[in-house]
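See below for the structure under consideration.
The values are calculated or read from the model by the stated rules, or taken from the named source; none is laboratory data. The structure displayed is predicted, hence computed values, not measured ones. Cβ sites come from the backbone with ideal geometry, for glycine too, and all protein chains shown count toward neighbours.
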Amino acid sequence: MQRKLSYISFLVFIGTLILFLCSSLRHIFFKSNALDLALFDQWVYLISQNLPPISSFFGFHVMGDHAAFILYPISLLYKIYPSEYWLFLVQALGLAFGCLPIYLLSLQAGLSIPYSKAISLSYLLYPALFNSNFFTDFRPESIAVPALLWAMWAAREKCTYQLFFAIGLVLVCKDSLSLTVIAFGLWLLLQHRRVYGLACVVIGISWYIFTIGYLTPSLRGGQAGGVVFYASLGSSPKEIIINIFSNPNLILGKFFSPDALFYYLLLLLPVIIGLHWKQMLVLIPTLPMLLLNIISDYASQRDLAHHYSLPIFPFIIVWLIYSIKEYQQENKRRWLKPKILIISAIFSFLALAKYDFFITRYFPNLPNLPSLYTAVSLVKTKESVLTTASIAPHLAKRQTIKLISKDRPSEKYNDIFKYILVDLINNKSEFIPNLIYQLKNSSNFKLVYEADKVFLFVKQDLRKK
């Protein structure tokens with residue numbers, strides 16, 4: 001058994017290393033997203049410093065985002081050394097660790113070791129895993145991916161404590177995953193795990209009511225997180241649910257729209273070679289998040305580049321496991337050997353993974369890095385910063401940092417910010433050159449660095465003059 005798991009340990013190590021390097025490289029090239037990485041980095045940093053974890057980007061408490069309690073234990077790593085690279089490492093390790101429950105689920109289903117290894121590798125090569133790891137920088141729900149798979153394995157093995165620990169871990173990653181837990185409970189009921197199934201349904205509903213019904217709205221002005229993406233269906237979770245059931249034609253129309261059909265294809269294509277329709281019930285836990293992605297007004301929820309498919313694709317891999325076992329029992333598709341699964345996974349990865357972004361979007365920024373890093377290094381203190389989206393993830397460890405916006409009156413800069421750091425390399429908004437002109441002619445700010453379209457202004461202490 002030790003030799004068998006050594007292969008999985010190797011996959012987890014290599015997977016973690018590759019995923020960590022990819023997300024780190026994106027950040028090194030100043031291509032991280034301010035409202036992804038900078039947001040979470042600031043929250044985790046503030047928690048680690050025992051400061052109120054209130055985002056200066058959005059103005060609300062960390063629990064008002066999606067009740068991601070998992071950020072509190074993650075903040076312990078920042079006490080060792082405050083660095084956003086911890087977030088990259090945690091995410092990479094979490095996603096890669098999913099290989100282990102996939103391997104165990106394969107053996108549990110009765111597949112041979114070669115098939116189990118092949119499917120574990122197919123999991124790592126699934127495009128949505130690779131893409132979401134670096135394209136959205138960091139998302140707490142990445143930790144829920146292996147937890148969901150572990151919960152499925154534990155339920156079938158009747159490992160009660162492991163099951164509910166895994167379910168608890170899922171819930172503290174994101175409030176909306178309570179819907180996935182409810183659907184998972186329904187699947188367990190169909191699997192004749194009635195006690196486990198009822199427990200998951202009750203826990204999921206309770207967590208939904210507590211977080212989405214009370215906690216997050218109370219911390220962000222009365223509105224639950226993510227509701228803005230469903231404005232066409234309502235202004236609150238309650239309204240959205242009512243409209244879903246009262247206007248089924250609208251929902252059905254979205255389910256069979258061209259972009260929805262293409263989204264289904266993208267989800268299934270990496271493993272479609274081995275899927276069997278008789279095992280589709282294993283997708284029941286995916287239905288809530290799939291529904292939310294389909295009915296959303298935000299088109300990015302229906303691609304493999306963003307993080308929205310993270311609670312869906314693990315169950316598609318499990319569908320592959322059960323499908324192969326079904327084909328073996330039917331004595332069909334005998335040509336579907338482990339090597340075929342691996343080759344298919346590699347081709348799907350090459351076709352759908354966004355590794356080309358490093359060449360087309362990130363590496364072209366290489367000549368500008370010296371000026372960007374020099375400007376960032378000149379921000380010596382933890383005082384307030386106003387900056388552009390590309391730089392914010394490198395300076396988020398402070399209580400006040402905001403993004404430059406054309407809607408922010410320039411006269412307010414004097415009262416709030418110590419540093420104003422502008423990057424015209426990656427930000428080509430028309431109003432920014434005018435802002436630079438105003439700052440150069442302001443008696444309140446001094447231009448202390450200018451190179452390659454990067455400008456750093458520092459507020460002057462007029463009392464010293």
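Points worth noting:
- Residue in the stretch 48-55 that is closer than 20 Å to L148 by Cβ and assigned to a helix (DSSP H, G or I) present: no
- Among the residues of the stretch 262-272, those that are surrounded by fewer than 19 Cβ atoms within 10 Å (Cβ to Cβ) and either touching a Leu at 6+ places or on another chain (Cβ under 8 Å) or closer than 16 Å to S122 by Cβ (or both) comprise L266, L268, L269, I272.
- Condition met for S23 (assigned to a helix (DSSP H, G or I), within 23 Å of P146 (Cβ to Cβ) and free of Cβ contacts under 8 Å to residues at least 24 places away in the same chain): no
- Number of the exception - K254 against (1) part of a loop (DSSP other than H, G, I, E, B); (2) modelled with pLDDT of 80 or more; (3) not acidic (D, E): (1)
- Residue, farthest from L292 (Cα to Cα), within the stretch 157-207, restricted to residues that are buried (at least 20 other Cβ atoms within 10 Å of the Cβ) and hydroxyl-bearing (S, T, Y): Y196
- The residues in the stretch 73-96 that are in contact (Cβ under 8 Å) with a residue 12 or more places away in the chain, surrounded by fewer than 16 Cβ atoms within 10 Å (Cβ to Cβ) and part of a helix (DSSP H, G or I) can be counted, and the count is 3.
- Residue count for the stretch 14-33, restricted to those that are small (G, A, S) and surrounded by fewer than 22 Cβ atoms within 10 Å (Cβ to Cβ): 1
- Answer residue from the stretch 113-141, given it is among the hydroxyl-bearing types (S, T, Y) and touching a residue at least 24 places away in the same chain (Cβ under 8 Å) and is nearest to I342 (Cα to Cα) among those: S122
- P311 satisfies every condition listed in (1) over 19 Å from the mean Cα position of the chain (by Cα); (2) outside any helix (DSSP H, G or I) except (1).
- The residue of the stretch 34-66 that is surrounded by the fewest Cβ atoms within 10 Å (Cβ to Cβ), among those that are of a type in the set (A, V, I, L, M) and more than 18 Å from C173 (Cβ to Cβ), is L51.
- Residues that are of a type in the set (D, E, K, R) and part of a helix (DSSP H, G or I) are absent from the stretch 348-355.
- Strands (runs of 3 or more DSSP E) wholly inside the stretch 357-456 containing at least 3 residues that are within 30 Å of N133 (Cα to Cα): 385-387, 401-403, 419-423
- Enumeration of residues in the stretch 57-72 that are under 13 Å from D41 (Cα atoms) and without any contact (Cβ under 8 Å) to a residue 12 or more places away in the chain: none
- Filter pass, P314 being at pLDDT 95 or above and surrounded by 21 or more Cβ atoms within 10 Å (Cβ to Cβ): yes
- Total residues in the stretch 209-239 satisfying the condition of being in contact with a helix residue (DSSP H, G or I) (Cβ under 7 Å, 6 or more places away or on another chain), not hydrophobic (A, V, I, L, M, F, W, C) and not in a helix (DSSP H, G or I): the figure is 6.
- Of the residues in the stretch 355-372, none is within 30 Å of P114 (Cβ to Cβ) and hydrophobic (A, V, I, L, M, F, W, C).
- Checklist (1) without any contact (Cβ under 8 Å) to a residue 12 or more places away in the chain; (2) touching a strand residue (DSSP E or B) at 6+ places or on another chain (Cβ under 9 Å) applied to L378, failing item: (1)
- Residue that is farthest from P127 (Cα to Cα), among those in the stretch 323-333 that are of a type outside the set (D, E) and assigned to a helix (DSSP H, G or I): Q329
- Among the residues listed as L336, L320, L341, L304, the single one being outside any helix (DSSP H, G or I) and under 30 Å from A144 (Cα atoms): L304
- L250 being surrounded by 12 or more Cβ atoms within 10 Å (Cβ to Cβ), under 24 Å from the mean Cα position of the chain (by Cα) and hydrophobic (A, V, I, L, M, F, W, C): no
- Flag if L283 is in a helix (DSSP H, G or I), free of Cβ contacts under 8 Å to residues at least 40 places away in the same chain and surrounded by 19 or more Cβ atoms within 10 Å (Cβ to Cβ): no
- S120 meets each of the listed conditions (1) farther than 24 Å from L5 by Cα; (2) not in a loop (DSSP other than H, G, I, E, B) apart from (1).
- Just one of the listed residues (S122, S142, S132, S75) is small (G, A, S) and more than 18 Å from the chain's Cα centre (by Cα), and it is S122.
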